[in-house]
Each structure stands twice: as C-alpha cells, then as structure tokens.
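I have placed the structure first, in the form of structure tokens, so that the comments after it can refer back to it.
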Protein chains: 2
Amino acid sequence: MNSTIDLNMVNAYIPGRVDVGPATAAMIARRDALLGPAYRLMYEHPLHIVRGEGAWLIDPDGRRYLDVYNNVASLGHCHPAVVDAICRQAATLATNTRYLHDTILELAERMLATVPDTGLAHLMLTCSGSEANDLAYRIAQVRTGGTGVIVTETAYHGFTDAVAKFSPSLGASVDLGAHVRLVPAPRQYHADGADLADRFRRDVEAAIHDLRRHGIKPAALIVDSMFTSDGILPAPAGLLKGAVEAIKRAGGLFIADEVQPGFGRTGEHMWGFQRHGVQPDIVTVGKPMGNGQPIAGLMATTDAVAQFGKNSRYFNTFAGNTVSCAAALAVLDTIENEGLVRHAAQVGTFLREGVAELAGRHAAIGDVRGVGMFVGVELVSDRAARTPDRELTTRVVNRMRDRGVLLSACGMGHNVLKIRPPLVLTAEQAVMVIAALDEALTTAQ
Amino acid sequence: MNSTIDLNMVNAYIPGRVDVGPATAAMIARRDALLGPAYRLMYEHPLHIVRGEGAWLIDPDGRRYLDVYNNVASLGHCHPAVVDAICRQAATLATNTRYLHDTILELAERMLATVPDTGLAHLMLTCSGSEANDLAYRIAQVRTGGTGVIVTETAYHGFTDAVAKFSPSLGASVDLGAHVRLVPAPRQYHADGADLADRFRRDVEAAIHDLRRHGIKPAALIVDSMFTSDGILPAPAGLLKGAVEAIKRAGGLFIADEVQPGFGRTGEHMWGFQRHGVQPDIVTVGKPMGNGQPIAGLMATTDAVAQFGKNSRYFNTFAGNTVSCAAALAVLDTIENEGLVRHAAQVGTFLREGVAELAGRHAAIGDVRGVGMFVGVELVSDRAARTPDRELTTRVVNRMRDRGVLLSACGMGHNVLKIRPPLVLTAEQAVMVIAALDEALTTAQ
C-alpha cells in the first residue's frame with residue numbers, strides 16, 4: 001500500500017491510522033510488496049475475506065459482514081444458479097467467438113429483449129465495464145468523426161488509457177483529455193429548486209459549444225443515469241431528455257453507462273436510462289452481469305456500429321466465451337425467476353424510509369435519496385448551509401464496518417454514504433443496516 | 001457478418017464463397033443480426049462447436065477437430081484441474097481486490113518466482129491482454145513523460161482505443177497514432193544473411209530519432225518476442241539486446257508482450273523474452289493464464305510503477321477476483337506437474353521436423369521455423385524468389401479444417417501457417433497434423 005494518502009478515494013485504507021493487529025499488518029505488507037503501490041484497500045481496518053454467501057462476506061474467524069456495497073454479486077455471493085452454470089459450462093466448453101456457439105446468441109437475444117422499441121439491435125461483449133466504455137468510445141469516434149466527450153464532474157467510467165481521460169473521479173493527478181468537458185451533475189439537494197433538467201441541458205449545450213470553439217467535434221455524451229459516482233442522484237424522471245437531444249443535434253452519440261445502475265437495481269426497469277424516456281445510441285453494461293464471472297459489453301443501434309464494423313473487426317479473446325455467457329444467462333434467469341426488480345423496489349423503499357426516519361434523531365443527515373437498491377445518504381456538518389462533512393462520512397463508514405455492515409462513500413464532497421445492497425437483500429437485513437447506521441451516527445459524532 | 005471481405009484477417013469467413021449448408025447459414029444469419037457487423041468467424045465453412053476435450057473441439061454431430069491453433073486452452077480444453085479450481089472457488093468466494101484474500105498473493109508469489117533476477121517485482125492483474133498492454137502503456141507514459149511507441153510492422157497488441165493505435169495488424173482502416181512508429185520485424189527467411197540484431201537495433205534507433213524529430217518523447221518499445229503476428233519469427237537468441245539498450249538509453253521502457261509466447265510455449269523458458277537475455281521494465285501476460293478463465297496482467301519493476309502508484313490508484317472490478325486467480329494457480333501447477341515446458345520442446349521439435357520433411361515433396365513450403373509449440377510454415381509460389389502465396393495459404397488452412405485440423409495464418413504476406421498447439425499435444429497428434437498438412441498441400445495446389 002502506498003504510504004501517501006489517497007485523497008480521491010474516500011474510503012481507502014491509510015497505513016498507520018489505526019492498529020490493524022499483527023496478522024492483518026503482515027498480510028498488507030506482503031500484498032504491498034507483491035502488488036506494488038497502485039492497489040488500494042478499503043476501510044481503516046481492511047477486511048480479510050474467505051467466503052461469501054448471499055448478502056454476507058465472512059472472514060477467517062467466521063465473523064459475518066453484511067455486504068451492502070458490492071454490486072457485482074447482485075444476486076448474492078455464490079448464487080447456486082450461477083455457480084452451477086459456470087461449473088457445467090467450464091467442464092464442457094470454454095472458447096471464443098470465432099466459432100459458432102449457441103450460448104452467446106441466446107444471451108444476445110435475452111439482452112436485446114430487455115430494450116424493446118429502442119433501436120438497440122446488437123450486443124457486443126467485453127471482459128469489463130472499462131473495456132465496454134472504451135469500445136463505445138471507439139465506435140462513437142468512427143461514427144461521428146469526432147473525439148469530444150462530455151461527462152459529469154465526478155464521473156467514473158473506467159481505467160483504460162482512453163476512458164481514464166474522461167473519468168474525473170480518478171482525481172486531479174490523472175489528467176483529463178484536452179477533448180473532454182465536464183458538466184455539473186444534477187444535485188437536487190443543492191439546487192434550491194432550480195429546474196435541473198433545463199440546467200443540465202444548458203450545461204451540455206455550453207460544453208458542446210466550448211468543444212467546437214476549440215476545434216473539437218463532439219463524439220459523445222456519456223452518462224450514468226444514476227450519477228452514482230457523483231453522489232447517487234436519482235434525478236427527476238425525464239431529466240436527461242433535453243441534454244440527449246442536444247448531443248444528437250450536435251452530431252454526437254448518447255452513451256448510457258449502465259455498469260452501475262443496470263440489471264434491475266433501480267427497481268423500476270432493467271436499465272436506469274429507461275426512467276428518462278431517452279433513446280441511447282449505445283448502452284454499456286457490466287458489473288452484475290455475471291454475478292462475479294467476468295463479463296461486460298454494450299448494446300448499440302445498427303446506425304451507431306455500421307461504420308465501425310466496416311473499418312474494424314472486433315475480437316476479444318475472453319469476451320463472449322461460453323462460460324461467461326452461461327453465467328450471464330443464469331443471472332437473467334434468476335432476476336426473472338426470483339422477481340428481483342420488484343423485490344429491489346420494495347425492500348429498497350423500506351430501507352430508504354428507515355434511513356430517512358433516522359434524520360429525525362441525527363442532524364448530520366442532510367439528505368436521503370435513491371431508487372430501488374440504491375441509497376445515498378448525504379452527511380453535513382450544518383443542515384442549513386448543507387456543508388459536506390467528509391470526515392464524519394469516513395468515520396461512519398468505518399464504524400459500520402466495525403459493526404459488520406459494509407458500505408462506502410461517494411460524491412463530489414466525499415460525503416455521501418453509498419448503500420448499494422444486493423438485489424436479494426431481505427427486509428430483516430435492511431433493518432440491520434438501519435440499526436447499524438443509527439449506532440454509527442451516534443458514536444461517530 | 002459483414003459482407004465486405006476482411007482483407008486484414010487472412011482466415012475470416014467470407015459470406016457466399018462456399019455453400020455452408022442450411023443449418024450453418026441460419027446460425028450465421030442469426031449471429032449477424034444479433035452481434036452486428038464487427039464480429040468475424042474463422043474458415044470458409046465456420047465451425048459450430050459444442051464441446052472441448054484435451055486438444056479436441058467437437059461439433060454437434062460429434063465430429064472431432066484437432067485444435068492446434070487456440071493458445072488459450074494451452075493445457076487442453078476443459079482441463080480437470082482448472083475446472084475443479086474454478087468450481088471450488090466460484091462456490092466459495094468470487095470477489096475483488098479491495099479486500100484481502102490469499103489467492104491473489106499466492107498467484108503473485110508464484111508468477112514473480114518465474115522471473116528471478118530480473119527486477120520484476122510486482123504483479124498487477126487485468127481481465128484481458130488488451131487491458132494489460134493498455135495499463136502498461138499508461139504506466140510507461142507516467143514513468144517517462146513521453147507518449148511515443150515503437151512496435152513491429154504487423155504487430156498485434158490489443159483492441160482498446162490506445163492499444164489499437166499501435167496494433168498495425170488490425171489493418172489500414174484502423175488509424176495508427178501520430179505518436180506510433182513501426183519497425184520491420186526480423187524476417188530471417190527474407191534477410192539474405194543480414195545481421196538481424198544489428199538491423200533491428202538500427203531500426204529502433206531510427207524510430208526513436210524520428211519520434212524526437214517530431215517532438216514526441218519515446219515512452220516504450222513493445223515487442224512480442226516471438227513476433228507472432230509478424231509471422232512467427234523465432235529470431236536468433238539475443239536479438240533484442242541492442243534494441244532494448246537503445247530504448248532504455250532514450251529514456252523509454254521496454255515492454256515484453258508475452259500474451260502469445262508466455263507460459264512455456266517456447267519450450268525453453270516460461271517467457272519468450274528470456275531467450276534474449278534482456279531485462280524488460282514490464283512484462284504483459286494473458287491468453288493461457290487461466291486456460292479459458294478470463295485473467296491477464298503484467299509484471300513490472302518497482303521503478304516502472306512507482307510514480308504511477310502515486311498518481312493513480314488501480315482498481316479493476318473483475319481482475320484479480322478469487323476465481324480467476326484460483327484458475328491461474330491451477331494452470332501454473334499443471335505446467336509444473338505435467339512437465340509441460342519440456343514436453344512442448346520435445347513434441348514441438350518432433351512436429352517441426354515432420355513438417356520440414358514435407359518440404360522435400362512440396363515446393364510451396366519455403367520455410368519452416370519456430371521454437372517449442374510454435375510452428376510457422378511460410379508458403380511461397382516461387383522458392384527462389386520467396387514470393388508469398390496468400391491464396392494457397394488460405395486454401396491449405398481450409399483444407400486442413402475439412403480434414404479435422406484447426407490452424408490459421410499470419411504474417412505480413414498472410415502466407416505463414418500459424419500452428420500453435422496446446423502444450424499437451426501428443427506425438428500421435430503431431431503425426432495427424434503432419435499427415436493432414438501433407439494432404440492439404442497436395443489437394444490445395
């Protein structure tokens with residue numbers, strides 16, 4: 001672990017801040033030596049995890065932690081339907097897309113069936129969300145002849161060379177591209193009743209104008225419809241409409257980054273963009289797609305991808321391999337069979353209401369917001385002034401970890417608790433989260 | 001499938017060229033509609049594969065194809081040790097690198113033990129070889145303050161936005177970066193006895209000079225030590241020395257791309273660069289690392305990665321997940337337990353000698369070369385003039401597929417048969433390859 005403090009990762013482990021005990025200290029030292037200085041751990045006292053089961057992560061002493069943060073294992077850790085699919089397929093065939101096989105075609109049919117009447121016609125597969133956004137950006141450049149990208153000011157879209165250049169949440173020491181423009185995210189809590197949709201549209205229009213003024217042709221507006229890294233901002237439905245029209249008018253594509261909100265997490269639809277009534281040219285997907293098995297990708301319109309397909313073949317050795325496709329099919333089946341979108345809405349609402357009730361006892365809670373299994377809790381040192389309380393937020397995250405509930409923080413001020421439970425969270429588990437937060441807010445003050 | 005001919009992929013399926021029968025035609029049409037125009041299939045008559053077993057791939061009618069091309073399933077398809085490791089770990093824990101877990105540390109120890117006395121001290125993990133080369137390039141830019149890249153003229157290093165810009169084998173319609181310079185690969189067969197090491201060093205020096213002349217600071221020389229995409233060119237041991245010294249003297253890094261030659265394929269060492277007695281700053285690895293499970297990464301010196309670790313945290317959701325690490329550990333165990341590096345040398349030599357013997361009967365065989373389980377067979381229309389015979393090469397690849405042996409082609413002239421069997425190929429299977437090639441060369445003339 002790097003001994004410098006990572007100011008851009010709110011919940012990074014900082015060496016020396018607390019005594020983690022000899023076993024953990026030795027493991028961290030071993031890890032630092034082996035993995036080098038760029039890796040980070042979470043929490044003041046990092047966790048050593050050996051087993052996962054439903055919403056639980058378990059350490060070597062058998063202590064159980066309720067994982068309400070990691071949205072990869074969205075069906076719960078080690079969901080048997082996915083484990084079975086992986087084992088069965090891994091023992092039968094694990095190969096690539098230069099041969100015909102059925103699994104990828106079934107997956108494409110199932111995925112495209114989730115976006116009827118959108119014009120999204122093709123599925124292309126990658127290994128990671130970063131690769132998906134990187135490929136989307138390549139496609140957008142070929143389609144538009146431009147390079148300009150517009151993203152929100154604390155966005156995270158990935159870590160490839162191209163995508164890191166439009167991921168401002170990586171921090172000031174990772175340069176943005178000269179062809180990248182940032183627009184403010186729609187922070188309703190700080191907006192004093194302004195018309196957020198109108199403001200967002202105007203900001204995107206100004207960014208388009210500024211790109212052109214510098215001789216840069218716009219390629220794409222890329223938005224995570226839940227503005228997750230910007231602080232979990234479930235903007236009013238329809239908010240994106242004007243901005244999407246603006247980028248299309250300017251000849252650019254609208255890319256919906258569904259890596260975080262996708263696969264039913266909003267409890268309303270399968271995809272976050274669907275609440276805004278907009279039509280993306282490309283939708284990128286990832287994290288929960290294989291419930292842990294590496295798989296991600298994008299859905300695109302025929303128009304978006306036609307020229308790219310003429311210029312460039314696309315092959316990604318591991319992407320679309322039979323095993324990852326089988327895992328993704330099991331995920332889609334499970335979401336449907338277990339009615340998880342509806343469940344996410346119900347338990348998510350219950351959780352959010354429970355957290356909102358705590359605001360009566362805890363003045364630090366400035367705002368509680370979200371949809372489905374997404375809860376953002378903005379902590380402030382002064383409610384009237386809405387002053388971000390980053391230090392309190394870090395303490396609360398760590399006190400909750402000590403109480404056995406795992407979450408993290410996000411947002412421009414690093415002061416928004418990011419609660420992103422698996423879709424299978426039960427009401428009883430939601431009660432545990434609420435109780436732990438109540439205690440953590442009390443002791444962390 | 002795109003209806004335009006992909007001139008840059010020698011062995012791509014070209015619609016309409018042969019009658020593939022109604023079942024395959026229907027499956028291709030369904031695939032085209034679902035996956036869009038950028039995907040390619042291999043062979044005149046694409047294969048539908050449903051099962052893999054050792055060196056064999058099996059179609060729905062039970063017909064078996066000897067796979068001497070795909071170097072992902074390097075231990076053989078569905079190797080039980082890897083399948084067991086995946087199943088066991090997927091049922092126990094599949095999570096990321098922001099928690100401590102043992103598997104990634106064991107893997108790092110085992111990987112770094114393969115490169116003693118090189119200064120390579122850290123393992124960083126990615127999902128794909130493309131991500132590995134992309135990350136290596138980001139690290140090189142931060143370390144050197146430069147952007148310039150030097151690669152060989154038919155190199156392939158990956159498909160991300162940044163890496164595609166230095167992957168000339170993607171073809172003329174994918175632009176190279178303005179900061180990219182190409183150098184000729186060491187084609188001994190066409191060199192008329194020239195000193196290839198000296199020539200390669202001089203070409204790299206000229207590229208460095210040209211970058212500087214354009215105000216571009218060199219960041220890296222990136223070389224696949226087997227020059228796989230350039231035509232499988234097992235250059236004389238030590239060939240890279242002068243060029244590596246030149247790039248280091250110029251302040252750039254030497255990146256050894258071991259995605260294709262790595263993990264024992266050369267039958268000499270674990271990594272291809274080791275035959276050249278050079279010291280890479282970064283070594284990228286991929287394809288066979290998980291024998292089908294998505295995992296790739298890089299090993300770097302402390303000096304290369306130090307500044308990157310200060311500027312930027314590195315997190316890749318799926319990379320370094322416990323399941324992929326368990327698969328990679330099983331791969332390393334199996335290479336050792338089954339003595340596969342030695343086996344690759346023995347059976348590889350036997351295979352290469354058998355193919356070389358065919359040259360007595362087939363005037364089209366201009367050159368047979370390789371090391372370990374790498375065989376390149378250069379086909380020519382005129383031995384004296386060494387004229388590349390691309391059309392014959394394509395016919396031979398397809399006749400061999402019809403005879404149940406799967407391989408492909410590569411090289412600048414698209415006229416080099418690329419034989420890259422799994423490390424577990426038996427002598428009996430090598431005999432089948434030689435016999436099929438004998439027949440194919442006879443009927444394809």
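The values are calculated or read from the model by the stated rules, or taken from the named source; none is laboratory data. Note that the structure is a prediction, hence the values are computed from the model and not measured. Cβ atoms come from the backbone with ideal geometry, glycine included; neighbour counts cover every protein chain shown. In case anyone asks, the SASA skips ligands and DNA or RNA and just uses the protein heavy atoms, side chains included. Shrake-Rupley method; radii C 1.70, N 1.55, O 1.52, S 1.80 Å.
Label point of B:Ala23 (7 Å along Cα→beta-carbon): distances to the other copies' equivalent points are 5.6 nm, sorted ascending.
Compared with its chain on its own, the range B:15-50 contains the following residues whose accessible area drops by 50 Å² or more in the full protein assembly (probe 1.4 Å; ligands, DNA and RNA excluded): B:Met27, B:Arg30, B:Arg31, B:Leu34, B:Leu35, B:Pro37, B:Ala38, B:Tyr39, B:Arg40, B:Met42, B:Ile49.
Comment: the Cα-to-Cβ extended label point of A:Arg383, at 7 Å, lies 9.2 nm from its counterparts in the other copies, nearest first. If you run the Gaussian network model on chain A, springs between alpha carbon atoms under 10 Å, then out of A:Asp230, A:Asp257, A:Asp117 the most flexible one is A:Asp117. Explain nothing, just the number: relative contact order of the range B:148-219, from Cα pairs under 8 Å at least 6 residues apart, as a whole percent. For the range B:148-219, the relative contact order is 33 percent.
When both the range B:21-35 and the range B:103-129 are represented by their alpha-carbon centers, they are found 42 Å apart. Heavy-atom accessible surface of the range B:266-371, averaged per residue, reaches 29 Å², computed with a 1.4 Å probe. Using the beta-carbon distance between B:Ala435 and B:Ala363 and R0 = 25 Å, what value does 1/(1 + (r/R0)^6) give for FRET efficiency, to the nearest 0.05? It comes to 0.85.
In the protein assembly as shown, carbon and sulfur make up what percent of the accessible area (probe 1.4 Å)?
On the way: 14090 of 28090 Å².
Roughly 50 percent, rounded to a whole number.
Given in Å, the Rg to one decimal and the Dmax to the nearest whole number for the Cα atoms of the range A:80-337 are 18.1, 59.
Shielding by partners for peptide B:125-135, expressed as the average number of C-beta atoms from other protein chains within 10 Å of each residue's C-beta, is 6.
Take the accessible area of chain A alone and of chain B alone, subtract that of the pair, and you get about 8800 Å² summed over both chains, using a 1.4 Å probe. With all protein chains in place and ligands, DNA and RNA left out, the 1.4 Å accessible area ranks B:Asp61, B:Asp389 as B:Asp61, B:Asp389, largest first. Decide, for the range B:47-171, between rounded, prolate and oblate: order the square roots of the alpha carbon gyration tensor eigenvalues as a ≥ b ≥ c, take rounded if a/c falls under 1.5, and otherwise choose prolate if a/b is larger than b/c, else oblate. Oblate is the answer for the range B:47-171, as a/c is 1.5 or above yet b/c matches or exceeds a/b.
Candidate cross-link partners of B:Lys241 among the lysines, defined by an alpha-carbon separation under 24 Å and a same-chain spacing of 8 or more, comprise B:Lys217. A dipole drawn for the range A:80-337 from +1 and -1 charges on Cβ atoms has a positive end, and of A:Gly264, A:Ala306, A:Val323 the residue lying farthest that way is A:Ala306. Only the Cβ atoms of Lys and Arg (+1) and of Asp and Glu (-1) were treated as charged; on that basis the dipole of chain B about its Cα centre amounts to roughly 760 debye. For the protein assembly as shown, A:Cys78, A:Cys325, A:Cys410, B:Cys78, B:Cys325, B:Cys410 have no disulfide-compatible partner, since no other Cys C-beta lies under 4.7 Å from theirs.
Find the relative contact order for chain A and round it to a whole percent, using C-alpha pairs within less than 8 Å whose residues are 6+ positions apart. Spell out each step's value before the answer.
On the way: 942 pairs, mean separation 90.4, N = 445.
With pairs under 8 Å counted, the relative contact order is 20 percent.
Remark: for residue pairs B:Lys287/B:Lys418; A:Lys418/B:Lys310; B:Lys248/B:Lys287, the C-alpha separation exceeds 18 Å in A:Lys418/B:Lys310; B:Lys248/B:Lys287. A label point on A:Gly62, set 7 Å along the Cα-to-Cβ line, lies at 5.2 nm from each of its counterparts in the other copies, closest listed first.
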